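Okay, structure first, notes after.
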């Protein structure tokens, strides 16, 4: 029996972290569209027109993203299932995913929405800093970097997309994008909402609990 789960959450909700934990627990593949697109860009396998859209910060057409997912899910490591992280983001993508799974006589186990208040999301994102040397991510309030890094601000990067105006734009875009997606899955009885505030391991426990629901 395969385990196929869609994990939905705004930037800063912990979606990437929880996806990896779930994959380890169930022995399934982690499919992050962001990672897949960046890898395709590095490999030079993205069509020039799609590369131009990506470089401009735009969203790729639904068909292109769906085709990427369709190819990836045929790989051997997806045979037991997978956790989708970053897809689907729109109702047309959700409908395409449904059609693809139906053709393969598979189905979604659940769509898990990680709920975090807007203010908490902003706090999580705006205070993130990255060690330029190691790539380690820190949080100025909850997981501060070592003193030697704090003493030399040049060693820490405050990513452009984690700065206040960019964070607001990212969260607004997420809210707009999922406005129709969540009701779509709710009507199908697949949506599971999880309080994603608190320690990561506590959030993981809540996710396990909703996945056990019938």
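Select the strands (runs of 3 or more DSSP E) contained entirely in the range 98-214, then report the ones holding at least 2 residues which are at pLDDT 90 or above and closer than 30 Å to residue 80 by Cα.
In the range 98-214, the matching strands (runs of 3 or more DSSP E) lie at 110-115, 191-195.
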Every residue in the range 170-194 that is surrounded by fewer than 12 Cβ atoms within 10 Å (Cβ to Cβ) and either farther than 20 Å from residue 93 by Cα or in contact (Cβ under 8 Å) with a residue 24 or more places away in the chain (or both), please. 175
Looking at this structure, is residue 16 surrounded by fewer than 20 Cβ atoms within 10 Å (Cβ to Cβ), within 21 Å of residue 175 (Cβ to Cβ) and modelled with pLDDT of 85 or more? yes
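The values are calculated or read from the model by the stated rules, or taken from the named source; none is laboratory data. Since this is a predicted model, take the numbers as computed values, not measurements. FYI the Cβ positions are ideal-geometry reconstructions off the backbone, even for glycines, and counts take in every protein chain you see.
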